[in-house]
Amino acid sequence: MLEITNLSKTFKIKSREIKAVKPYDLTINKGEVVAFIGPNGAGKTTSIKMLCGLVTPTTGNICLCDMTISKRSKYLSQLGAVLEGARNIYWRLNPFENMEVFCRMRGLAPKVYLDRIDHYIKLLDLEKYKTIECRYLSRGNQQKVAIACILALNAEVLLLDEPTLGLDIEMSHRMMEIISGEKSKDRIIIVTTHDMEFIEQTVDRVVAFKDGNVFFKSTPTEIISKFGNGDNRLSTAYLKAIKEETL
Ligand SMILES: Nc1ncnc2c1ncn2[C@@H]1O[C@H](COP(=O)(O)OP(=O)(O)O)[C@@H](O)[C@H]1O
Ligand SMILES: [Mg+2]
């Protein structure tokens, strides 16, 4: 179980304060996929960065099965994260080498990770690129390598900030299947995305951010039944919910 309590972040730039994330609580159980949604600048990435230890929270605590983030190395050893649009991988290494480096940094032995690397290279359709330096790959394939790297770690918690960014339709669908597969291994998965179809098909719970506030935590079905206009579409319901900004 991942327990987030009173988590917030205020950035200070000179005399200006930016309340990027206002205090919120959230508990996520094993085997649950949660989507962070909301407009640009709402606080999703800052939340993800706090969860992976890259940004120090202003208030609050994060606790994974009794391991608090203050005991960094133990907590972080259970975590895999792909950040939004960032350089998540080494440019001059090929996909295989990237995955191997990530596994070795985690202290995994080749007999543990080699089969896993092989499995995820196949699953993400990276076989024909596996010996090409990542800087020469397309944006979408670089994204797939970043995702493959953290999947190979077999981490308990996966944080995926806009994982479908740059992926073609077929690969976005594959991502849904992959995330569902990881969910069935009892992982805790947090995804930020603007892809409503992805959310409808893959996600158990939606946590919506706006201007740093978490203004609802509901299942996609609850959002549709409360805000939908009868067309049964999450995108319509979400747009209405975000306008009204309460639940
Ligand atoms: N390092 C930083 N310094 C100052 N402000 C930041 C920093 N990172 C994010 N912000 C601000 O925090 C707010 C939330 O940003 P972010 O979490 O990236 O939003 P989202 O991922 O929902 O688009 C924005 O106003 C953004 O400009
Ligand atoms: Mg973001």
Q. Residue 70 passes all but one of (1) within 20 Å of residue 187 (Cβ to Cβ); (2) surrounded by fewer than 18 Cβ atoms within 10 Å (Cβ to Cβ); (3) not hydrophobic (A, V, I, L, M, F, W, C); which number fails?
A. (1)
Q) Can you pull out the residues in the range 88-122 that are more than 16 Å from ligand 1 (Cβ to nearest atom) and part of a loop (DSSP other than H, G, I, E, B)? A) 89, 90, 91, 92, 93, 94, 106, 107, 108, 109
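Looking at 53, 41, which is the one that is farther than 17 Å from residue 206 by Cβ, within 15 Å of ligand 1 (Cβ to nearest atom), in a loop (DSSP other than H, G, I, E, B) and open to solvent by less than 20 Å² (accessible area, probe 1.4 Å)?
Values: 41 fails: open to solvent by less than 20 Å² (accessible area, probe 1.4 Å).
The unique qualifying residue is 53.
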Q: Would you mind stating whether residue 17 is within 13 Å of ligand 1 (Cβ to nearest atom), among the acidic types (Asp, Glu) and within 27 Å of residue 197 (Cα to Cα)?
A: no
Q) Which ones in the range 216-234 are closer than 25 Å to residue 21 by Cα, open to solvent by 30 Å² or more (accessible area, probe 1.4 Å) and free of Cβ contacts under 8 Å to residues at least 40 places away in the same chain? A) 219, 222
(Q) Being closer than 13 Å to residue 159 by Cβ and surrounded by 13 or more Cβ atoms within 10 Å (Cβ to Cβ) is true for just one of 108, 76, 114, 7. Which residue is that? (A) 76
(Q) Looking only at the range 148-204, count every residue that is outside any helix (DSSP H, G or I) and at negative phi and tell me the total. (A) 26
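The values are calculated or read from the model by the stated rules, or taken from the named source; none is laboratory data. What you are looking at is a predicted structure, and each value in this text was computed from that prediction instead of being measured. All Cβ positions, even for glycine, are placed from backbone atoms using ideal geometry, and neighbour counts span all protein chains on display. These accessible areas exclude ligands, DNA and RNA; they are computed on the full protein's heavy atoms, side chains included. Shrake-Rupley method; radii C 1.70, N 1.55, O 1.52, S 1.80 Å.
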